[in-house]
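Inspection log for the structure reproduced underneath, given as structure tokens.
The values are calculated or read from the model by the stated rules, or taken from the named source; none is laboratory data. Please read all numbers here as calculations on a predicted model, not as lab measurements. Glycine gets a Cβ as well: all are built from the backbone with ideal geometry, and neighbour counts include every protein chain shown. Heavy atoms of the whole protein, side chains included, go into the accessibility calculation; ligands, DNA and RNA do not. Shrake-Rupley method; radii C 1.70, N 1.55, O 1.52, S 1.80 Å.
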Amino acid sequence: MLPPPLLRSIPWVASALSGLLLAFCFAPWNQPSLLWFVFLPLLWSLWNRPTGSPKWTAPLFGYLFGLVFFTTSLHWISALAPLFEDNSLIGLPLLLSSYLAVYPALWAWLLQNPPQKANSSVGTSFKNIAFALSGASTWVLLDWLRGWLFTGFGWNAPGVALHSNIALIQIADIFGVYGLSFLIVFTNVSLALVIRRLSHERSIRAIPSVRFELMVVLLLIGGAVSYGAHTIINSRQTGTPLRVICLQPNQPQDILFDRAGEDAVFTTIDRLMSLAAPLAPHLVLWPEAATPRGIYADQANHDFILKQAARTSAALLIGSVEPKTFENQEDLDTFNSALLLSKNATSIQSYKKRHLVPFGEYLPFRDFLPSAIRQLVPGDLAAGTEANLLKLDQPAIQIGALVCFEDSLARETRSLALAGAQILVNLTNDAWFAQTAGAAQHLANARFRAIETRLPLLRCANTGITCQIDRLGFIKSELAPFQENILSTEVIVPVKPTPTLYTTLGDTWLFLCLIAATPLIAMRFRKKRLSQSTPLA
């Protein structure tokens, strides 16, 4: 028999284990098979609390789960510490996770009371299925809120870990990545209820009584796989061939910080362009911040970029900081932009990044923060407001540009698809996070944007991962990360893309989740009111 202190620690260890298992589903570990039971230890902790446990125990189990998951899976953010030579930044993953863990804490608070046994076996099954539906719906709603509140950080929803399961993830063109998260959480809650039911009945004859719960799980997963297989088999990717070359200069971030290293940056770009120009592409891509200060920084940067653009008849799409000028007042706003140079660089089209990275491109609540933190982000970039497309002349193609982490956000790609984009192009620079799992996790999140919109996606990244993703989410060609190279590829661009259901409706289906979650939410608040109104003995 274990001593009481050790017994009391088991639920906390189980909650932390759930968070660790979920983190292991993502890069660099990539163990998505764990997804189907990662929540079981947490749910066991929630449903086996000793009688008379404090009310705050359940949400704290959920908070610990979230803290372990987010801190472990986002460990790569600590790579900013050596870059800025500030050891305090090692704690950034924990600081961010302390906020993100609030969402699973709320979920645990809502799910702390499983359904009671009904008068009949079938009635118990239906109560369990309804509870699992409500639990999965609640998780999806909270995940959506996490991706929206305070500009949102929806990184690494559980469904993202399925990115390599091509057949299963095709349902993203209907439900987005949240549909896959729903499947995962529904399966976990259902299995937890089945195990709980069997352990209570303590008889092998009880196994047939859980057939309805298991049947619903198998129907949902089987239906998703069948839809995906049918989609892949019947896919006909026809359209206009577009020859593209993506430059991956592999410039470390400390060189991009240093003006003395600018000549080395120019030399690398010049060397890669000498390889690209003879291949006669239609379009050449440079990553975000390929030159440290952009085309408008000074005459040297401006002349260098125009010289490189003139080396080929192709259009050149680059990432650059872009100032905004109003009459005689200069630099009122500065944008992180994607610029398309065409017609021998005499024409420049601009897309201004709309979704800025907090604490990277702007500092929330700047006026209320200590000066030491304000110095980390000395100035704020401005956000663009328009989902405008960049128009390529030869061949005639409309490009939806995405800068930096915008390709991890479904609402940004949806707006470009609705505007008439035929291809998505992401220019990014993940060199901030050195040789960590950040780049691999970025790619995993981005793959879903191609499936959701059924548009091909090109990613041009400074240190990687530079690749082409087709409309089914297959990675057709890619460069190894952290190597200087060029990617020469041909993309089949749809002439008149047919909008997917997700492109048209987005996350509207979450209203159904809200309806499904309402009884669970109402039950929690009703229990709270009843406990407050119960007279003391």
**Asked** Which one of A387, A439, A434, A417 is under 13 Å from T503 (Cα atoms) and hydrophobic (A, V, I, L, M, F, W, C)?
**Response** A417
**Complete:** Given (1) outside any helix (DSSP H, G or I); (2) open to solvent by 40 Å² or more (accessible area, probe 1.4 Å), K307 misses just (1)
**Item:** Neighbours by Cβ (under 8 Å, 6+ apart or cross-chain): first from the stretch 25-40, free of Cβ contacts under 8 Å to residues at least 60 places away in the same chain and at positive phi; second open to solvent by less than 80 Å² (accessible area, probe 1.4 Å) and part of a helix (DSSP H, G or I)
**Value:** none
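Considering only residues that are within 14 Å of the chain's Cα centre (by Cα) and either open to solvent by 20 Å² or more (accessible area, probe 1.4 Å) or modelled with pLDDT of 95 or more (or both), which ones fall in the stretch 411-425?
So the first thing to find is which residues in the stretch 411-425 are within 14 Å of the chain's Cα centre (by Cα), and the list is 411-413.
Within the stretch 411-425, R411, T413 qualify.
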**Request:** Answer yes or no: is there a residue in the stretch 183-196 that is open to solvent by less than 20 Å² (accessible area, probe 1.4 Å) and of a type in the set (D, E, K, R).
**Result:** no
**Prompt:** Can you pull out the residues in the stretch 462-494 that are out of contact with any helix residue (DSSP H, G or I) (no Cβ under 8 Å at 6 or more places or on another chain), assigned to a strand (DSSP E or B) and among the aliphatic types (A, V, I, L, M)?
**Reply:** L487, V491, I492, V493
**Item:** Residues located in the stretch 505-514, provided they are touching a residue at least 40 places away in the same chain (Cβ under 8 Å) and either farther than 12 Å from F175 by Cα or surrounded by fewer than 14 Cβ atoms within 10 Å (Cβ to Cβ) (or both)
**Value:** L512, L514
**Message:** Name the single residue that is most open to solvent (accessible area, probe 1.4 Å) among those in the stretch 48-72 being hydrophobic (A, V, I, L, M, F, W, C) and modelled with pLDDT under 95.
**Reply:** W56
**Fill in**
Selection from the stretch 250-280 of residues closer than 22 Å to S342 by Cβ and open to solvent by less than 10 Å² (accessible area, probe 1.4 Å) yields I269, L272, M273, A276
**Message:** Anything in the stretch 4-30 that is under 28 Å from the mean Cα position of the chain (by Cα) and over 23 Å from A108 (Cβ atoms)? List them, or say none.
**Reply:** A27, P28, W29, N30
**Request:** Give me a count of the residues in the stretch 94-121 that are more than 12 Å from T138 (Cβ to Cβ), of a type outside the set (S, T, N, Q) and either out of contact with any Leu (no Cβ under 7 Å at 6 or more places or on another chain) or modelled with pLDDT of 95 or more (or both).
**Result:** 10
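Select from the stretch 450-475 the residues that are touching a Ser or Thr at 6+ places or on another chain (Cβ under 7 Å) and open to solvent by 10 Å² or more (accessible area, probe 1.4 Å) and list them in ascending order. Write out each step before concluding.
Our first condition is that a residue be touching a Ser or Thr at 6+ places or on another chain (Cβ under 7 Å); within the stretch 450-475, this holds for 452-454, 459-461, 467-468, 472.
Within the stretch 450-475, R454, Q468, L472 meet the criteria.
Taking the stretch 275-320, which residues are at positive phi and in contact (Cβ under 8 Å) with a residue 40 or more places away in the chain? Walk me through how you get there before you give the answer.
Taking the stretch 275-320 and keeping what is at positive phi, we get 280, 289, 294.
Residue satisfying the conditions is A289 alone.
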**Asked** Across the stretch 238-264, which residue is modelled with the highest pLDDT among those that are within 16 Å of W432 (Cα to Cα) and in a helix (DSSP H, G or I)?
**Response** Q253
**Message:** Among the residues of the stretch 124-145, what is the count of those that are open to solvent by less than 20 Å² (accessible area, probe 1.4 Å), free of Cβ contacts under 8 Å to residues at least 60 places away in the same chain and farther than 23 Å from L35 by Cβ?
**Reply:** 0
**Request:** Pick out the one residue from S226, S209 that is surrounded by 14 or more Cβ atoms within 10 Å (Cβ to Cβ) and either without any contact (Cβ under 8 Å) to a residue 24 or more places away in the chain or more than 25 Å from the chain's Cα centre (by Cα) (or both).
**Result:** S209
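Every residue, every condition in (1) surrounded by 12 or more Cβ atoms within 10 Å (Cβ to Cβ); (2) modelled with pLDDT of 75 or more; (3) at positive phi, yes or no:
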| residue | (1), (2), (3) |
| --- | --- |
| E322 | yes, yes, no |
| N328 | no, no, no |
| S337 | yes, yes, no |
| V357 | yes, yes, no |
| E361 | yes, no, no |
| P364 | yes, no, no |
| F368 | no, no, no |
| G379 | no, no, no |
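Which of the residues spanning the stretch 10-25 are open to solvent by less than 40 Å² (accessible area, probe 1.4 Å) and in a helix (DSSP H, G or I)? Explain how you work it out, then say what you get.
Keep residues of the stretch 10-25 that are open to solvent by less than 40 Å² (accessible area, probe 1.4 Å), which gives 11, 14-16, 18-19, 21-23, 25.
Listed by number, the residues that qualify are P11, A14, S15, A16, S18, G19, L21, L22, A23.
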